[in-house]
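Here's the structure, in structure tokens; my notes come after.
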Amino acid sequence: MQFDRLWRGATLATLSPRRAGVGLIEHGAIGVSDGRITFAGPMSELPSGARAGEEIDLGGRLVTPGLIDCHTHIVFGGERSAEFEMRLAGADYQSIARAGGGILSTVRATRAATDETLIAAAADRLRSLMAEGVTTVEIKSGYGLDVPHELRMLRVARELGRRLPLGVTTTLLAAHAVPPESDRAEYLRRIRDELIPRAAAEGLADAVDGFCEGIAFSAAELRAVFAAARGHGLPVKLHADQLSDSGGAALAAEFQALSADHLEWTGEAGVAALARSGTVAVLLPGAFYCLRERRVPPVAALRKHGVRMALATDCNPGTSPLLSILTAQNLGAVQFGLTIEETLAAVTREAAAALGMQDEIGTLEPGKRADLAIWNAVRPAELVYWIGRNPLYQRIWRGH
Ligand code: DI6
Ligand code: FE
């Protein structure tokens, strides 16, 4: 067996579904060739005569799959610290939004920014995630809110994937808010009849998302958007039941969504529907924390029904200015009660499933892309337990 690179003396958290817990292998080795994992197992099982272009001894360091942030709004213009101050003084998110702030203030700043300004600001933010071992990020549009600007946001996201050593998937979130200059029905028609067809034809979107909420769109409105997405072969995701039970989980399940995200207000029937459709629950503890929410997602019901759980930063300038996937893990464990095993799976294997990429990334198994995070840690719990310590030793993307 010939490897491009072979790491020995590793503690592997493989996250393989065929192994219990995080799939721990002590005294492990991992070999890669042509950007793919070709061996991940105990050193004792390495084929005799295995050769490698480069061989590295990790001295027992922990190796996990490269981390995956499966829900971000990381491309945006401006920032919203003034709104943060208003909330600290007692204003709430929904009333700021209704008064034309919130998402719409970021829409104004995003439309006014040049492509290069958007790219530079987002690249800076992405580097923070990458410094913590993130190798794949999902990026949503949703601050353009008209045909040219939504397509531009998706192009900017694609360009970031070309410029940085990072996997980028893109999601069209045109149904994020009603743009100030448009009639609601007319905007929804444009999403269905212009934006989705163009995003699909130009290969700009990997999925379509919507904000199902009192301050945004109803389940009935988003059903029509999702039907158009399906008509153009695009899978869907949904911001569901974050601030109220808006029937989001049921709608996501109806369209076999890749993921339903937030879910604080989802009831047991919604959870059962997600289980039947195989939809991943993406929990977003940064938004929960920043909005000082009280109602936690129904983790016990998600477990009981066997719904897979992912965690993500939801990085956005309003409700979750969070640029740390490790902190998202800590918040998910402390606030939502996830176990260490669930927490690590939530930013690797289950996050991959939330992007429909479970065959490519998310575990240390032969055939997967060689995206690895190597840590100055031995116990997996250390990746969840520290707040503000970054134990990353090395990040490997596609074998390099
Ligand atoms: N849910 C969120 O948490 C973000 N968008 C969404 O649909 C908030 C976006 C923002 O306030 O800018
Ligand atoms: Fe979001």
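The values are calculated or read from the model by the stated rules, or taken from the named source; none is laboratory data. Please read these numbers as outputs of a predicted model, since none were measured by experiment. In this analysis, Cβ positions are derived from the backbone assuming ideal geometry, glycine residues included, and neighbour counts consider all displayed protein chains. Note: areas computed on protein heavy atoms with side chains; ligands, DNA, RNA excluded. Shrake-Rupley method; radii C 1.70, N 1.55, O 1.52, S 1.80 Å.
Could you give the distance between the Cα centres of the stretch 21-100 and the stretch 204-222, to the whole Å?
27
Under 8 Å for C-alpha pairs, at least 6 residues apart: give me the relative contact order for the chain, rounded to a whole percent.
So the answer I get is 19 percent.
Carbon and sulfur together cover what percent of the accessible area of the chain at a 1.4 Å probe radius?
Working: 7790 of 15010 Å².
Exposed carbon and sulfur together represent 52 percent of the surface.
How about the stretch 305-400: which trypsin sites (Lys or Arg not before Pro) there are in a DSSP loop, with at most 12 other Cβ atoms within 10 Å of their Cβ?
Qualifying residues, ordered by number: R389.
Let me have the 222 nm mean residue ellipticity of the chain computed from DSSP H runs of 4+ only, each contributing -39500 (n - 2.57), with the sum over all residues rounded to the nearest 500.
-10000 deg cm²/dmol
Between E54 and Y393, 0.36 nm times their residue separation minus their Cα-Cα distance comes to what? Mind showing how you got there, number by number?
Values: separation 339, 0.36 × 339 = 122.04 nm, distance 1.77 nm.
Extending this stretch completely gives an extra 120.3 nm.
Using only the Cα atoms of the stretch 277-400, build the gyration tensor, take square roots of its eigenvalues as a ≥ b ≥ c, and label the shape rounded, prolate or oblate: rounded if a/c is under 1.5, else prolate if a/b is larger than b/c, else oblate.
oblate
State the Cα centre-to-centre distance between the stretch 292-346 and the stretch 352-394 in whole Å.
Result: 16 Å between the Cα centres.
Note down the nm distance, to one decimal, between modelled labels 7 Å out along Cα→Cβ at E202 and at R18.
Simple spin-label model gives 4.3 nm for this pair.
If one takes the longest principal axis of the Cα atoms in the chain, at what angle in degrees, from 0 to 90 and to the nearest 10, does the Cα axis of helix 219-231 lie?
60
Hey, rough spin-label estimate for R189 and E45, points 7 angstrom out along Cα→Cβ, what's it come to in nanometres?
About 6.0 nm, to one decimal.
When ligands, DNA and RNA are left out and all protein chains stay put, how many square angstrom of accessible area per residue does the chain have with a 1.4 Å probe?
I get 38 Å² per residue for the chain.
So how do T339, T327 rank on accessible area, 1.4 Å probe, biggest first, that is with the largest at the start?
Working: T339 60, T327 40 Å².
Putting T339, T327 in descending order of accessible area: T339, T327.
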